[in-house]
């Protein structure tokens, strides 16, 4: 999703997929060899059909821990984005619309805040992928397994570098806090302006009285 957000052609392309239902996959994926996460995972059936030699990696985890993490990070961030920023910057409106159509109002049907419903969507997605993707094309993978299963599945040697372990949740939670502060910025500015006006009026009235 980071690549989609920072790349205008990607954002526009995925919005077209969401709103028009037709897409030139080769054009959308030009210059890329793989895709992870949303929004591409929503269309894994279509992508499998268009790229018959592509392999599929299904990342799995406990549904409860997934929901806690997702609700405190990507969902919280999507809700904390300041409305005034979205109003000022047209690109943010496009990005927000694409994300809402495909993810929050799409796969989660506007009910992500219902934990039982969201976790059932998560579990069903996992079972659907397992039942739809042929075993020779599919790797069911837990991130704690490291390089081994990934490299064997892809037919490549394991990198010399240690498997990356970053705390993205921690960083995203910081971004949520920043976004919430920015959301209140216009109100703070208005209060400052109002305070200045009141002070100026009071000072003028005092001088006039003197």
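The values are calculated or read from the model by the stated rules, or taken from the named source; none is laboratory data. Just so it is clear, the model here is predicted, and its values are computed rather than measured. Reconstructed Cβ throughout: ideal geometry from the backbone, glycine too, with neighbour counts over all protein chains shown.
Taking the listed residues 102, 197, 139, the one that is touching a helix residue (DSSP H, G or I) at 6+ places or on another chain (Cβ under 8 Å) and either within 17 Å of residue 77 (Cβ to Cβ) or modelled with pLDDT under 95 (or both) is 102, with no other qualifying. Only a single criterion out of (1) under 25 Å from residue 5 (Cβ atoms); (2) in contact (Cβ under 8 Å) with a residue 12 or more places away in the chain; (3) within 19 Å of the chain's Cα centre (by Cα) is not satisfied by residue 126, namely (1). All of (1) buried (at least 17 other Cβ atoms within 10 Å of the Cβ); (2) touching a strand residue (DSSP E or B) at 6+ places or on another chain (Cβ under 8 Å) hold for residue 60 with one exception: (1). Residues that are assigned to a helix (DSSP H, G or I) and surrounded by fewer than 13 Cβ atoms within 10 Å (Cβ to Cβ) within segment 92-119 comprise just one, 116.
Is it the case that some residue within segment 66-76 is in contact with a strand residue (DSSP E or B) (Cβ under 8 Å, 6 or more places away or on another chain) and under 28 Å from residue 135 (Cβ atoms)? No, segment 66-76 contains no residue that is in contact with a strand residue (DSSP E or B) (Cβ under 8 Å, 6 or more places away or on another chain) and under 28 Å from residue 135 (Cβ atoms). Residue 116 passes all but one of (1) more than 14 Å from the chain's Cα centre (by Cα); (2) closer than 25 Å to residue 20 by Cα; which number fails? Tallying (1) more than 14 Å from the chain's Cα centre (by Cα); (2) closer than 25 Å to residue 20 by Cα, residue 116 fails exactly one: (2). The sole residue among 47, 77, 58 that is free of Cβ contacts under 8 Å to residues at least 24 places away in the same chain and touching a helix residue (DSSP H, G or I) at 6+ places or on another chain (Cβ under 7 Å) is 47.
Note on segment 1-36: among residues that are under 21 Å from residue 122 (Cα atoms) and modelled with pLDDT of 90 or more, the one that is surrounded by the fewest Cβ atoms within 10 Å (Cβ to Cβ) is 36.
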